[in-house]
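Below: one structure, written as structure tokens.
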Amino acid sequence: MQIPSKYDASQVESKWYDYWMKHNFFHSEPDEREPYTIVIPPPNVTGVLHMGHMLNNTIQDVLIRRARLQGKNACWVPGTDHASIATEAKVVAKLKEQGIDKNDLSRDEFLKHAWEWTHEYGGVILEQLKKLGCSCDWQRTKFTMDDDMSESVIKVFVDLYNKGLIYRGYRMVNWDPEAKTTLSDEEVIYEERQGLLYYIKYQVEGTKDYLTIATTRPETIFGDTAICINPNDARFKHLRGKKAIVPICNRVIPIIEDEYVDVEFGTGCLKVTPAHDENDKVLGDKFQLEVIDIFNADASLNSYGLHYEGKDRFVARKEIQKELEEIGHLVKTENYLNKVGTSERTKAVIEPRLSDQWFLKMEDLVKPAIKAVLEDGEVKLFPKKFENTYRHWMENIRDWNISRQLLWGQQIPAYFYGNGKDDFVVAENIEEALELAKQKSNKSQLSTSDLKQDTDALDTWFSSWLWPMSVFDGIRNPDNKDIKYYYPTNDLVTGPDILFFWVARMIIAGYEYKGEKPFQNVYLTGLVRDKQRRKMSKSLGNSPDALKLIEEFGADGVRVGLLLSSAAGNDLLFDEALCQQGKGFANKIWNAFRLIEGWEVAGIEQPESSKIAINWFEAKFQETLLTIEDHYGKYRISDALMETYKLIWNDFCSWFLEMVKPEYQKPIDKVTFLGVISILENNLKLLHPFMPFLTEDIWQYIAKRTSDEALIVSKWPEQKSFDKDLILEFDFASEVISGIRTIRKEKNIPFKDVIQFSVINNENATKSFDEVIRKLGNLEGIHSVSEAVDGALTFRVKSNEYFIPMVGAIDVEAEIKKLTEELNYTEGFLKSVQKKLSNERFVAGAPEQVITNERNKEADALAKIETIKASLKSLN
């Protein structure tokens, strides 16, 4: 089979992905093997691949491919999320372009448009993941709005309602005026913004006196229903029992007293607007104040705003400021740094709003999830530092507002049969609801036409919190073979930004519905940032096109580039140069393979240098495998890649192949060749999770293979005992070889010239690698001597001294000058080390390893000084 001279990623990637798909290697069914399961964090159905997805899914693919090689039944479930707020906003925008107003459509008509949009644009991201090499079980692809998934969500809602955990309440909620829906507390992002503090005068009724309040929101004066003072504030004793007049609207409101008022903040007088502030609502309930909502759903003022009706709140704010100035009721304004709540999705400023909403009680539900992570360690977070974040959220949890004023999503299964606030039932379908409504109302004549389903949809997270169970139909059919076999899943890879939104809630749901954890380990990646540490975003223009990166560097190159810049839980500083490094690595391996395949093989005796080289690399491989397994166990995936990278680039390509390659135009012996191929195959197995395309391509070129013998389903290397001494002996030998090469380079001694070589073996170094040293140094032999060789160039490795006779003309004076400078530097370095070691405080306080390192430095410097002095003596 002809091997191409260059590695062409574009052709190789499509060829092998199609091959893997054709042979169904990604698909999993329950069997007798140990399962290894990952569920994908479902991206938005209409999303496209960005750098965060690339990193997250590369890590998942590394884990799943390794598990497959380990002989486990690897199952990676892909899917997408219906993303109610984001998707509905896109559909509304598209309809607007067509001149259609969402409000003019029935629910069914709107949903028809939403499904058309989803079918047209949905799933693009999953196709893009295939380009990255993701080996998902595509036959198991799920969408959070699939019929079976929606049925699971509805079933859980009904169950939690029947348990008394879901309730309907008239509460102050976070209102997104752009998406026109409520948000949970976790979906509100607080930002510090520079604003103004407005000092406004209110006339005390029946007097010429005024009181002054301070507010950041003058537009809300139209909703004021009281002024509150602290009963302990002597300044305002004269206001007790009196009333005040709200400027502009001239509403007369009571002056109430409560210790809630902070006498130190503002003026000491507090305007109370129960409809638009959570704390004011508490005061309003306590004093039974009128509740006046002054805003429309889009945060424009309604009829209570009088002549400002229909105007946006921020426009009205400026105009009200002007009017207050004109009528003499604005005392002053001050700059004020305020924390403003904004919508995570639309970025709109959140409006506190009173509304009938559905809530899930969380206080008892969270207890098993707190215990699992923080006490029992049943679910482990990597890195561990995120446990503190998890603890803070879970121990300060509030009831979850699960209803959204949206059409796209699972419709809340509550059915109203009358006008009373409790005239509703909760059921999985309208038929069941009818029976319950008849019982509750004692009206046997009720029909389905008398029932009206709640128009709100459920929060998207209320569907995705069931994801590890619902993808295996574990809610509807809790005893089916898939949920019994694949659950709990093994690893979850996601970002820390959704640790609470999604991860914590999945743990809560897992214990509530399966009585056990949903996954064992949570690997939290960092955010992808650019070289300037800025978060990648479209607005900054610093987020590269993921598919273009794959086109330019190949999927394997991009995967390596991402992982080389990524450490668990730390932000990733992405640089395209790392993708270029990944591409260069692919080319290095390809060229190494072409070198091996270019050798002529003959039935000749195996050289001693090749025999020891194979023994050494196999030991080195096992040592590296041990380290790699440790990295995987601690979810240090980039470290596992780096160990693999160094093993192949440094140990295999730079050393091993040089040790075994035959002389120019001479054959290699068969035993060595087969040993090299075996070693290469093991290297490919280690590398396959990171670079699946390149490794499969080389694997298939090495020998003709059946589909059962494909690399993707081959066997992960086994851990074996190894000779540590052999590795140390090679490390010593490699320093000797480097010393010879340095002298050849500095003295311009051509490599083709055979040179003599002598050693004073003070270290009693073994001769195991002498043949390797002789071959790689092109030496006539290695001679043991007891005294320095006169007129020779010399270098040291530890206490061993090596001699190479001077060849040809040499500038003795220049050599003496150079060695003298090196001697002066080394003596200076020795003094600094000895100064540290003579410092009693340093020796007493430093860790043992640090002291050992400093003593080693001292010994090396002393040996080097001795060598340089010997060289100078020889030259003189």
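The values are calculated or read from the model by the stated rules, or taken from the named source; none is laboratory data. Owing to the predicted nature of the structure, the values given are computational and were not obtained by experimental measurement. Methodologically, a virtual Cβ is constructed for each residue, glycine included, from the backbone with ideal geometry; neighbour enumeration extends over all protein chains shown. These accessible areas exclude ligands, DNA and RNA; they are computed on the full protein's heavy atoms, side chains included. Shrake-Rupley method; radii C 1.70, N 1.55, O 1.52, S 1.80 Å.
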**Report entry** Those residues of the stretch 565-608 which are in a strand (DSSP E or B), open to solvent by 10 Å² or more (accessible area, probe 1.4 Å) and closer than 30 Å to R529 by Cβ, in sequence order
**Finding:** L573
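Counting only residues that are assigned to a strand (DSSP E or B) and either more than 30 Å from T182 (Cβ to Cβ) or modelled with pLDDT under 90 (or both), how many does the stretch 344-353 have?
Residues meeting the conditions: 0.
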Requested in this report: Using the structure shown, decide if A703 is open to solvent by less than 20 Å² (accessible area, probe 1.4 Å) and either of a type in the set (G, A, S) or farther than 30 Å from A602 by Cβ (or both).
Outcome: no
Query raised in the report: Pairs, please: C-beta under 7 Å, at least 6 apart or cross-chain, first residue closer than 14 Å to T181 by Cβ and in the stretch 442-462, second open to solvent by 60 Å² or more (accessible area, probe 1.4 Å) and part of a loop (DSSP other than H, G, I, E, B)?
Result: none
Report summary line: Being of a type in the set (F, W, Y) and touching a residue at least 60 places away in the same chain (Cβ under 8 Å) narrows Y390, Y417 down to just Y390
Query raised in the report: Here are A369, A433, A427: which of them is open to solvent by less than 40 Å² (accessible area, probe 1.4 Å), under 28 Å from R476 (Cα atoms), touching a Pro at 6+ places or on another chain (Cβ under 9 Å) and touching a residue at least 60 places away in the same chain (Cβ under 8 Å)?
Result: A427
Query raised in the report: If you go through the stretch 119-171, how many residues are within 28 Å of R353 (Cα to Cα), in contact with a strand residue (DSSP E or B) (Cβ under 9 Å, 6 or more places away or on another chain) and either without any contact (Cβ under 8 Å) to a residue 12 or more places away in the chain or hydrophobic (A, V, I, L, M, F, W, C) (or both)?
Result: 7
Query - Checking L674 against (1) closer than 28 Å to I773 by Cβ; (2) in a loop (DSSP other than H, G, I, E, B), the condition it does not meet - result: (2)
Query raised in the report: So which of Y523, Y485 is aromatic (F, W, Y), open to solvent by less than 10 Å² (accessible area, probe 1.4 Å), touching a residue at least 60 places away in the same chain (Cβ under 8 Å) and more than 24 Å from Y161 (Cβ to Cβ)?
Result: Y523
Query raised in the report: Can you tell me how many residues in the stretch 242-291 are under 18 Å from V204 (Cβ atoms), under 46 Å from the mean Cα position of the chain (by Cα) and not in a strand (DSSP E or B)?
Result: 2
Report summary line: Apart from one, (1) of a type in the set (F, W, Y); (2) closer than 30 Å to D482 by Cα; (3) open to solvent by 10 Å² or more (accessible area, probe 1.4 Å) all hold for W76; the odd one out is (3)
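Among the listed residues L49, L63, identify the single one that is in a loop (DSSP other than H, G, I, E, B), out of contact with any Phe, Trp or Tyr (no Cβ under 7 Å at 6 or more places or on another chain) and surrounded by 15 or more Cβ atoms within 10 Å (Cβ to Cβ).
On the way: L63 fails: in a loop (DSSP other than H, G, I, E, B).
Criteria check complete, one pass: L49.
If you go through the stretch 488-515 one residue at a time, how many are open to solvent by 20 Å² or more (accessible area, probe 1.4 Å), farther than 15 Å from F386 by Cα and out of contact with any Pro (no Cβ under 6 Å at 6 or more places or on another chain)?
Residues that pass the stated criteria total 5.
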Query raised in the report: Taking the stretch 535-564 as the region of interest, how many residues are modelled with pLDDT of 80 or more, in a loop (DSSP other than H, G, I, E, B) and either open to solvent by 20 Å² or more (accessible area, probe 1.4 Å) or β-branched (V, I, T) (or both)?
Result: 2
Query - Residue in the stretch 803-813 that is touching a residue at least 40 places away in the same chain (Cβ under 8 Å), β-branched (V, I, T) and open to solvent by 60 Å² or more (accessible area, probe 1.4 Å) present - result: yes
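Does E848 count as at pLDDT below 90 and open to solvent by 40 Å² or more (accessible area, probe 1.4 Å)?
yes
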Query raised in the report: Is it true that some residue in the stretch 815-833 is open to solvent by less than 50 Å² (accessible area, probe 1.4 Å), part of a loop (DSSP other than H, G, I, E, B), over 24 Å from I612 (Cα atoms) and aliphatic (A, V, I, L, M)?
Result: no
Requested in this report: Kindly indicate which of M172, M145, M149 is touching a helix residue (DSSP H, G or I) at 6+ places or on another chain (Cβ under 9 Å), surrounded by 17 or more Cβ atoms within 10 Å (Cβ to Cβ) and modelled with pLDDT under 95.
Outcome: M172
**Report entry** Filtered residues of the stretch 749-787 (kept if open to solvent by 30 Å² or more (accessible area, probe 1.4 Å), closer than 18 Å to S799 by Cβ and of a type in the set (V, I, T))
**Finding:** T766, I782, V785
Requested in this report: Could you pull out the residue among L270, L330 that is open to solvent by 10 Å² or more (accessible area, probe 1.4 Å) and touching a Cys at 6+ places or on another chain (Cβ under 7 Å)?
Outcome: L270
Query raised in the report: Restricting attention to the stretch 145-164, does a residue exist that is of a type in the set (S, T, Y), within 31 Å of the chain's Cα centre (by Cα) and closer than 30 Å to D31 by Cα?
Result: yes
Report task. Determine the pairs where a residue that is of a type in the set (S, T, Y), located within the stretch 688-706, has a partner that is outside any helix (DSSP H, G or I) with Cβ atoms under 8 Å apart, the partner being 6 or more residues away or on another chain. Result -> T695/H688; Y701/M1; Y701/I3
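Let's see how each residue does on (1) part of a loop (DSSP other than H, G, I, E, B); (2) aliphatic (A, V, I, L, M):
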site	(1), (2)
K440	no, no
Q445	yes, no
T455	yes, no
P468	no, no
G474	yes, no
K484	no, no
V493	no, yes
D497	no, no
F500	no, no
Requested in this report: Give the residues of the stretch 504-532 that are aliphatic (A, V, I, L, M), within 14 Å of E378 (Cβ to Cβ) and touching a strand residue (DSSP E or B) at 6+ places or on another chain (Cβ under 7 Å), sorted by residue number.
Outcome: V522
Query raised in the report: What number of residues within the stretch 212-227 are over 20 Å from P352 (Cα atoms) and surrounded by fewer than 22 Cβ atoms within 10 Å (Cβ to Cβ)?
Result: 1
**Report entry** Condition met for K775 (modelled with pLDDT of 90 or more, under 27 Å from P662 (Cβ atoms) and assigned to a helix (DSSP H, G or I))
**Finding:** yes
Query raised in the report: If we scan the stretch 726-737, do we find a residue that is farther than 22 Å from I596 by Cα, at pLDDT 95 or above and exposed (fewer than 14 other Cβ atoms within 10 Å of the Cβ)?
Result: yes
Report summary line: Note on the stretch 682-700: residues open to solvent by 10 Å² or more (accessible area, probe 1.4 Å) and either assigned to a loop (DSSP other than H, G, I, E, B) or touching a helix residue (DSSP H, G or I) at 6+ places or on another chain (Cβ under 7 Å) (or both) are N682, K685, W699
Query raised in the report: Only one of K96, K131 is under 30 Å from V62 (Cβ atoms) and either at pLDDT 90 or above or not small (G, A, S) (or both); which?
Result: K131
